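This report concerns only the one structure given below.
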Amino acid sequence: MPRLDVHALTFAAGAPGAQGQGPYDLTVEAGTCVGLAGPSGIGKTLFLKAIADLIPHHGDVRLDGIGHHEIPAPVWRRRVALLPATPTWWHDTVRGHFPAEPFPAGVTPADLGLAGDVLGWGVARLSAGERQRLGLLRLLAREPACLLLDEPTANLDARTARKVEAAVGRYVEKTGAPALWVAHDAAALMRVANRVVTLTPTGLVEGLIDPGPEEPA
Amino acid sequence: MTLIRLTPWDLVLAGALVLLLAALSARLKLAIERPLLVGVARMAVQLFLIGYVLKALFASNNPVWVALLAVVMLAVAGRETMARQRRRLTGPWGYALGTGALFVAAFSVALLALTVMLSPEPWYHPRYAIPLLGLMLGNTMTAVALGLNHLISEAAERREQIEQRLALGETYHEAMADIRRAAVHTGIIPVVNAMAAAGIVSLPGIMTGQILAGAPPVEAVKYQILIMLLIGASAGLGLVAAVWLAGRRLFDERHRLRLDRVT
């Protein structure tokens with residue numbers, strides 16, 4: 001069963017050459033979900049990108065004991081899969097983005113509240129919420145061994161969000177994949193996560209730290 | 001062969017046409033009069049200079065001077081390639097990459113043509129070597145500049161898409177495939193267009209020049225076909241090399257998109 005270990009992870013905040021942030025230490029046990037909280041712009045997305053090895057960083061990240069620099073980057077990213085907050089689409093049809101066997105992990109469009117024939121749709125007609133859910137479906141189709149989810153329910157109504165939460169929960173339980181779930185909604189984090197950590201510029205703090213009054217987005 | 005010699009008045013009259021255009025531009029606020037006049041002035045000065053350089057070069061026929069002029073032409077073409085890109089690679093790469101591609105493509109094709117096809121005596125005879133190299137460099141420069149400009153600005157614009165593809169486990173090669181293909185298409189279009197229109201819409205420059213100089217049309221056509229083929233080969237080769245190298249340089253060894261390497 002894979003476990004995600006992050007040790008002494010640091011990276012430049014925002015623009016290159018900017019001051020570094022971290023170090024971050026985190027362990028996500030197999031089959032569990034850790035919620036990641038923190039105010040907007042604090043670097044949650046960069047934190048996920050660093051773990052997926054998409055941005056330059058220092059430190060050690062391991063899945064199942066295998067360090068990310070021990071295997072080719074594309075192999076690492078197929079195992080440690082990042083779902084961006086707004087998934088982008090480049091082929092004309094939804095199907096073009098999926099492997100030949102689209103739902104090997106057992107999560108189907110219906111599980112996420114999507115139409116059964118959604119694979120045949122053109123991407124131009126997709127709504128923001130559909131793009132987001134299909135992004136998750138596209139990610140799970142590659143059967144990753146670890147999930148990094150950046151606001152996976154931000155564009156969804158409450159009922160659909162619950163469906164997505166349940167589907168991710170089932171995937172994590174079935175495959176033992178550790179999951180890291182970023183959200184602003186404290187209630188959602190409490191629902192999906194076994195534990196919650198808050199990201200600060202200098203490290204991770206256990207628990208949900210109240211960021212104070214709402215900041216403008 | 002009969003060559004009708006141009007008088008200064010002929011050039012002044014043609015120049016007056018461009019002045020008229022500049023005046024029209026100023027009147028209609030098209031704002032092209034400045035670049036137009038600067039371009040005209042540059043063109044005239046550069047061509048007169050090269051005319052006298054070539055005159056001296058033909059007289060001496062010294063390979064060292066031919067090589068020197070070739071290097072100057074390459075350096076200027078490389079600089080022009082860089083200047084034509086809206087966004088380009090930072091540091092020495094910005095210049096070296098385009099210039100390197102120009103060098104490999106234009107020089108190898110020109111060398112092949114001089115030693116195997118035209119075979120003047122000696123093969124580096126400036127009457128053949130310099131115009132040929134100029135044609136290769138000029139056309140390859142346009143192709144490389146267009147291709148690199150497209151590649152780099154698209155990569156910057158479609159950053160989210162590229163990162164998404166990388167995040168799904170694609171290699172940098174796969175994630176850039178569409179953009180790279182589009183960049184090569186963009187770069188090669190002028191060459192393909194020139195070939196398609198040749199002879200029907202336009203009589204290309206080499207042929208026109210030779211016919212004006214009194215050469216038999218069919219001989220002029222053969223030269224033109226040779227030159228167009230060489231241009232196609234050189235432009236295509238330089239373009240592909242530059243786009244591939246730049247596509248590589250946009251990523252690091254961990255297949256991460258490094259837009260910090262772009263201005």
Problem set entry | Per-residue average of Cβ from other chains inside 10 Å of B:166-178 | 5
Seminar exercise, completed: In degrees rounded to 10, the 0-90 angle between helix B:63-83 Cα long axis and the longest Cα principal axis of chain B is 50 degrees
Problem set entry | Note, ³J(HN,Hα) from phi for the range A:45-62, Karplus 6.51, -1.76, 1.60, rounded to Hz, x at Gly and Pro | 5, 4, 4, 5, 4, 5, 5, 7, 6, 9, 10, x, 7, 10, x, 10, 10, 10
Exercise. Which Cα, out of A:19, A:61, A:112, lies furthest along the positive dipole direction of chain A (beta carbon charges, K/R +1, D/E -1)?
Worked result: A:112
For this session: Output the peptides A:121-129, B:144-152, A:175-183 sorted from most to least packed, where packing is the average of other Cβ atoms within 10 Å over each peptide's residues.
Result: B:144-152, A:175-183, A:121-129
For this session: Would you look at the GNM of chain B, springs on alpha carbons closer than 10 Å, and say which of B:189, B:227, B:50 moves the most?
Result: B:50
For this session: Output the antiparallel fraction of DSSP beta bridges having both residues in the protein assembly as shown, as a percent to the nearest 5.
Result: 55 percent
Problem set entry | Cα centroid of the range A:141-177 to Cα centroid of the range B:212-258, whole Å | 49 Å
Exercise. Given +1 on the Cβ of Lys and Arg, -1 on the Cβ of Asp and Glu, and no further charges, what dipole in debye does the range B:63-261 carry about its Cα centre, rounded to the nearest 20?
Worked result: 340 debye
For this session: Please find the FRET efficiency linking residue B:178 to residue A:13, where r is the Cβ-Cβ separation and R0 is fixed at 35 Å, and quote it to the nearest 0.05.
Result: 0.65
Exercise. Got a sec? Charge dipole of the protein assembly as shown, +1 on Cβ for Lys and Arg, -1 for Asp and Glu; which of B:105, B:85, A:189 is way out at the positive end?
Worked result: B:105
Problem set entry | For peptides B:164-172, B:32-40, sequence by mean Cβ density within 10 Å, most packed first | B:164-172, B:32-40
For this session: May I ask you to derive the relative contact order of the range B:63-261, considering only C-alpha pairs under 8 Å and at least 6 residues apart, and to give it as an integer percent?
Result: 29 percent
Exercise. Among B:6, A:156, B:21, which comes first, second and so on when ranked by fewest other beta-carbon atoms within 10 Å?
Worked result: B:6, B:21, A:156
For this session: Specify the residue with the greatest mean-square fluctuation among A:143, A:70, A:130, computed from a Gaussian network of chain A linking alpha-carbon atoms under 10 Å apart.
Result: A:70
Exercise. How many nm is it between the label spots at residue A:194 and residue A:131, if each spot is 7 Å from the Cα in line with the beta carbon?
Worked result: 3.4 nm
Problem set entry | Positive-end extreme of charge dipole, the protein assembly as shown - chosen from A:132, B:16, B:169 (charges on Cβ) | B:16
Problem set entry | Other-chain or far-sequence residues with amide H under 5 Å of residue A:204's (modelled H) | A:25
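Taking R0 as 35 Å, what FRET efficiency do you get between residue B:76 and residue A:71 from their Cβ-Cβ distance, rounded to the nearest 0.05?
0.15
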Seminar exercise, completed: Of B:192, B:104, B:116, the most mobile residue in a GNM of chain B (C-alpha springs, cutoff 10 Å) is B:116
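Quick note: the coordinates plus some simple rules give every number you see, no bench work behind them. On a predicted model such as this, the values are computed, not experimentally measured, just so you know. Using ideal geometry, Cβ is built from the backbone for each residue, glycine included, and neighbour counts are taken over all protein chains shown.
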